[in-house]
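To start, the structure under review is shown below, and the notes come after it.
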Ligand SMILES: Nc1ncnc2c1ncn2[C@@H]1O[C@H](COP(=O)(O)OP(=O)(O)OP(=O)(O)O)[C@@H](O)[C@H]1O
Ligand SMILES: [Mg+2]
C-alpha cells in the first residue's frame with residue numbers, strides 16, 4: 001500500500017541566541033508522518049519536543065527548513081493564513097487542559113465551533129455528542145473547577161475533536177494526571193484515532209505514554225536519534 005504522508009519536514013531547525021551562545025533547540029529534523037497515526041515525540045526535558053510540536057503547528061517560525069502539511073507550506077504562511085489553517089485543520093490538547101473557567105463543559109467543547117459560523121443549537125448538539133464520545137456527558141453543566149483532572153482532560157479532548165480536525169497536537173496531554181488516569185486517557189485517544197482516523201502528534205517524556213503510539217520519535221539535543229515503529233506497520 002502506498003504511504004499517505006500528511007506531514008513532512010525538511011532540515012527543520014530552530015536556533016535561539018542566548019548571550020553569545022546559539023542554542024540549537026531543533027537541529028535538521030527530517031520527518032515523514034502518515035495520516036491516521038499517533039506519533040509520540042519522546043525525549044528528556046529540554047530535548048526540543050515542544051519546539052518541534054510548535055513548529056509543526058505553525059505556532060513558532062523555524063530558523064530554517066520546511067514544514068509541509070497536506071498542500072500547505074506551514075513555514076511560508078502569513079499569521080492570518082496560519083490562524084485559518086489551525087482553525088480548519090487542527091485541534092490542541094494541553095497539559096493543563098486550558099479550559100475556559102467561566103464556561104461549562106458543554107460550552108467549552110462548543111467554543112471552537114464559534115469560529116466556524118455554526119449556529120448555537122448545532123454547536124451544542126455537536127458538543128454534547130463529543131462529551132458522549134469521551135464518556136463525560138453527565139458532567140455537561142459542570143465548570144472546570146467542578147471536575148477532576150481526568151474529567152477536565154476528557155473535556156479538553158472533546159474540545160479538540162469537535163471540529164473533526166485532521167491533526168491533533170498534544171503537548172504532555174497526561175502530564176498532570178496520575179498513572180491510572182493517564183492510561184484511561186491514552187486508551188481513549190487510541191480508540192478515537194482507531195475509529196475516526198485523525199492524526200495525533202503527541203509530546204511526552206513518559207515511555208509508557210509513548211507506547212500507545214504507532215511511531216515513537218526519539219529526540220535528543222534537538223535531533224531525531226531514532227524512530228520506533230510499533231503497530232500496523234508493513235515496513
Ligand atoms: N525562547 C527560547 N529562548 C531560548 N532558548 C529556548 C527558548 N525556548 C526553548 N529554548 C531552549 O531550547 C531547548 C528545547 O526546548 P523545548 O521547550 O523544546 O524542550 P522540551 O523537550 O519541550 O522540554 P520539557 O520536557 O521540559 O518541556 C531547551 O534547551 C531550551 O532551553
Ligand atoms: Mg516541552
Exercise. Would you call residue 53 closer than 21 Å to residue 211 by Cα and crowded, with 20+ Cβ neighbours inside 10 Å?
Worked result: yes
Seminar exercise, completed: Reported set for the stretch 170-199 where residues are touching a helix residue (DSSP H, G or I) at 6+ places or on another chain (Cβ under 6 Å) and part of a strand (DSSP E or B) is 171
Exercise. Are there any pairs, at least 6 apart or on different chains, whose C-beta atoms fall under 8 Å, with the first in the stretch 24-52 and without any contact (Cβ under 8 Å) to a residue 24 or more places away in the chain and the second assigned to a loop (DSSP other than H, G, I, E, B) and within 9 Å of ligand 2 (Cβ to nearest atom), and if so, which?
Worked result: none
Problem set entry | Some residue of the stretch 210-233 being surrounded by fewer than 19 Cβ atoms within 10 Å (Cβ to Cβ) and within 18 Å of the chain's Cα centre (by Cα) | yes
Problem set entry | Criterion (without any contact (Cβ under 8 Å) to a residue 12 or more places away in the chain, within 16 Å of ligand 1 (Cβ to nearest atom), outside any helix (DSSP H, G or I) and within 27 Å of residue 68 (Cβ to Cβ)) met by exactly one of 217, 225 | 225
Problem set entry | Output for the stretch 1-12, where each listed residue is part of a strand (DSSP E or B) and either closer than 22 Å to residue 168 by Cα or touching a helix residue (DSSP H, G or I) at 6+ places or on another chain (Cβ under 8 Å) (or both) | 5, 6, 7, 8, 9, 10, 12
Exercise. Can you name every residue in the stretch 31-49 that is buried (at least 20 other Cβ atoms within 10 Å of the Cβ) and near ligand 1 (Cβ under 9 Å from one of its atoms)?
Worked result: 41, 43, 47, 48, 49
Exercise. In the stretch 111-146, which residues are surrounded by 19 or more Cβ atoms within 10 Å (Cβ to Cβ), more than 25 Å from residue 84 (Cβ to Cβ) and in contact (Cβ under 8 Å) with a residue 40 or more places away in the chain?
Worked result: 133, 134, 144
Problem set entry | Flag for residue 163 being part of a loop (DSSP other than H, G, I, E, B) and buried (at least 22 other Cβ atoms within 10 Å of the Cβ) | no
For this session: Select from the stretch 1-26 the residues that are away from ligand 1 (no atom under 16 Å from the Cβ) and in contact with a strand residue (DSSP E or B) (Cβ under 9 Å, 6 or more places away or on another chain) and list them in ascending order.
Result: 3, 4, 5, 6, 7, 8, 10, 11
For this session: With respect to residue 58, determine if the residue is under 13 Å from the mean Cα position of the chain (by Cα), under 24 Å from residue 197 (Cβ atoms) and either in contact (Cβ under 8 Å) with a residue 60 or more places away in the chain or within 16 Å of ligand 2 (Cβ to nearest atom) (or both).
Result: no
Exercise. Within the set of pairs 6 or more residues apart or between chains, which connect a residue that is under 17 Å from residue 114 (Cβ atoms) inside the stretch 65-91 to a residue that is in a helix (DSSP H, G or I) with Cβ atoms less than 7 Å apart?
Worked result: 87/115; 91/160; 91/161
For this session: Say whether the condition of being crowded, with 19+ Cβ neighbours inside 10 Å, within 16 Å of ligand 1 (Cβ to nearest atom) and closer than 22 Å to residue 196 by Cα is met by at least one residue in the stretch 66-73.
Result: no
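Computed from the coordinates by the stated procedures, all read-outs in this text should not be read as laboratory data. Model, not experiment: these values are computed from the prediction. Every residue, glycine as well, gets a Cβ built from its backbone with ideal geometry; the counts of neighbours run over all protein chains shown.
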